[in-house]
Amino acid sequence: MSTEIQNQLHQLALKRSAPFCYSCYRKAPTGTCEICGSDDLMRETENGCEYGTDWIIESILATELTPVDLDEEFEEFVRQVYDETTTVGWMTNLDTVTVMKEMDPVAWDCAQSEWVDQESSEGTIISFDNGSTYYRHEEVEKLAAT
């Protein structure tokens, strides 16, 4: 993941949250609690408060972007590479993707995993949760620049 995008998302999370002293249970807009003097502050949003900004970034991404549907995208990729229909024995005009998925689901999953790795390494898609959810890199860049 690009350090620049990560920094931009961190700045966005800071803009969309406020410093919060959990000990005194009040906002600390100056970065130091006016009551106890602590600078060990959480970040507060309308969704709650917690330390760090990763949870804020995850929330922003989940609410403002649509995750990539890896199954659908991979099927579309395969449809572009191979003929739309396949003949197996006397059965003609079978959907190639359906045949591939149903005849060898393990190979299908391996091929999809390799495709996801390739798309990620090329920078087309990006994940912030170790591959559980992917977003289009250009959409994340646009969001991070706001």
| remark: Among residues of segment 1-37 being under 17 Å from D54 (Cβ atoms) and among the basic types (K, R), the residue surrounded by the fewest Cβ atoms within 10 Å (Cβ to Cβ) is K15
| query | What is the one condition in (1) under 30 Å from R136 (Cβ atoms); (2) in contact with a strand residue (DSSP E or B) (Cβ under 9 Å, 6 or more places away or on another chain); (3) of a type in the set (D, E, K, R) that R26 does not satisfy? | reply | (1)
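Check T63, T92, T86 and return the single one that is crowded, with 16+ Cβ neighbours inside 10 Å, farther than 19 Å from N7 by Cα and polar (S, T, N, Q). Quick ask: steps written out before the conclusion?
Numbers: T63 fails: crowded, with 16+ Cβ neighbours inside 10 Å; T92 fails: crowded, with 16+ Cβ neighbours inside 10 Å.
Only one candidate passes the filter, namely T86.
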| Of the residues that sit in segment 67-76 and are touching a residue at least 24 places away in the same chain (Cβ under 8 Å) and either farther than 27 Å from W115 by Cα or within 13 Å of the chain's Cα centre (by Cα) (or both), which one is surrounded by the fewest Cβ atoms within 10 Å (Cβ to Cβ)? | P67
| query | If you scan segment 77-96, which residues turn out to be within 23 Å of T124 (Cα to Cα), in contact with a helix residue (DSSP H, G or I) (Cβ under 9 Å, 6 or more places away or on another chain) and in a helix (DSSP H, G or I)? | reply | F77, V78, R79
| message | Take E102 and tell me if it is among the acidic types (D, E) and over 26 Å from E4 (Cβ atoms). | response | yes
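From the list P19, P105, P67, exactly one residue is more than 30 Å from V140 (Cα to Cα) and modelled with pLDDT of 95 or more. Which is it?
Numbers: P19 fails: more than 30 Å from V140 (Cα to Cα); P67 fails: more than 30 Å from V140 (Cα to Cα).
Just a single option satisfies the conditions, and that option is P105.
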| Can you tell me how many residues in segment 12-43 are within 14 Å of I60 (Cα to Cα) and either in a loop (DSSP other than H, G, I, E, B) or in contact (Cβ under 8 Å) with a residue 40 or more places away in the chain (or both)? | 4
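The values are calculated or read from the model by the stated rules, or taken from the named source; none is laboratory data. A quick note: this is a predicted structure, and the numbers were derived from the prediction, not measured. Positions of Cβ are backbone-derived with ideal geometry, glycine not excepted, and every protein chain shown enters the neighbour counts.
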